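The values are calculated or read from the model by the stated rules, or taken from the named source; none is laboratory data. Keep in mind the model is a prediction, meaning the values are calculated, not measured. Cβ coordinates were reconstructed from backbone atoms using ideal geometry, including for glycine residues, and neighbour counts include every protein chain displayed.
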Amino acid sequence: MMRNGFRTVVGLVACAMCVHAANVRAVDTAIDGAPSIIGDSCDAELDITTRVSPHSVDETVSRLQKSIQQAGLTVLIIVGQGNATDPIAVEAQQQLMVLADARTRALLTSATPLVALELPMKMLVWRDGGVVKVSFKDVDCIRHRYDLTPQTGSFFELVDSAAQRALR
């Protein structure tokens, strides 16, 4: 039963990643009944921030976890992707971190319900050849897409600054 629960969590995370991968534009109906675009989507190439880490995947995840917790956020789960007994998987080692903050989620979703599509926030720590990278949704794209105020966009900025501190 526990194994099926884990598969469900992984499936939900994978489904959420698929939604993020699509460059979707939300359409709303204005008061006059004409459709209006809610925040243009960022260019697909600019939608993701990727930073290089000078550390191993495991060390990067550890440093990110510490930095994220120091920022007052919660790491909900870290999903390891790869199998240590499989040499190909070891080379392509990656870990997905799922982050949240219940207080911020309530503030964000009450002000802008569609921002819930971006939550919980995810960070992917992955190896690209011999280089370890950290990727996550771009803060400026999220802010622009949902027309967030500085106050409501602060959660995403905390994630970004925590990543910058951890990668030093």
Tell me whether segment 159-166 contains one or more residues that are in a helix (DSSP H, G or I), of a type in the set (A, V, I, L, M, F, W, C), at pLDDT 85 or above and within 12 Å of the chain's Cα centre (by Cα).
yes
If I filter segment 121-142 for residues that are crowded, with 17+ Cβ neighbours inside 10 Å, among the acidic types (Asp, Glu) and at pLDDT 90 or above, do I get at least one hit?
yes
Given the criterion in a helix (DSSP H, G or I) and out of contact with any Ser or Thr (no Cβ under 9 Å at 6 or more places or on another chain), identify the matching residue among VAL61, VAL52.
VAL61
Residues (in contact (Cβ under 8 Å) with a residue 24 or more places away in the chain and of a type in the set (Gly, Ala, Ser)) located in segment 103-120:
ALA111
ILE68 in contact with a helix residue (DSSP H, G or I) (Cβ under 9 Å, 6 or more places away or on another chain) and either over 30 Å from ARG168 (Cα atoms) or at pLDDT 90 or above (or both):
yes
Would you point out which residue out of ALA84, ALA106, ALA89, ALA116 is outside any helix (DSSP H, G or I), modelled with pLDDT under 90 and either out of contact with any Cys (no Cβ under 9 Å at 6 or more places or on another chain) or surrounded by 19 or more Cβ atoms within 10 Å (Cβ to Cβ) (or both)?
ALA84
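Taking segment 58-78 only, how many residues are among the hydrophobic types (A, V, I, L, M, F, W, C) and either farther than 11 Å from MET97 by Cβ or free of Cβ contacts under 8 Å to residues at least 60 places away in the same chain (or both)?
Step one: list which residues in segment 58-78 are among the hydrophobic types (A, V, I, L, M, F, W, C), which gives 61, 64, 68, 71, 73, 75-78.
Imposing the further condition that a residue be either farther than 11 Å from MET97 by Cβ or free of Cβ contacts under 8 Å to residues at least 60 places away in the same chain (or both) reduces the set to 71, 75-76, 78.
Adding up the residues that qualify gives 4.
When you scan segment 129-140, do you find a residue that is in a helix (DSSP H, G or I), touching a Phe, Trp or Tyr at 6+ places or on another chain (Cβ under 7 Å) and more than 30 Å from GLU59 (Cα to Cα), even just one?
First pass over segment 129-140, keeping only residues in a helix (DSSP H, G or I): 139-140.
Right, trim to touching a Phe, Trp or Tyr at 6+ places or on another chain (Cβ under 7 Å) and you get 139.
Next cut, more than 30 Å from GLU59 (Cα to Cα) only: none.
No, segment 129-140 contains no residue that is in a helix (DSSP H, G or I), touching a Phe, Trp or Tyr at 6+ places or on another chain (Cβ under 7 Å) and more than 30 Å from GLU59 (Cα to Cα).
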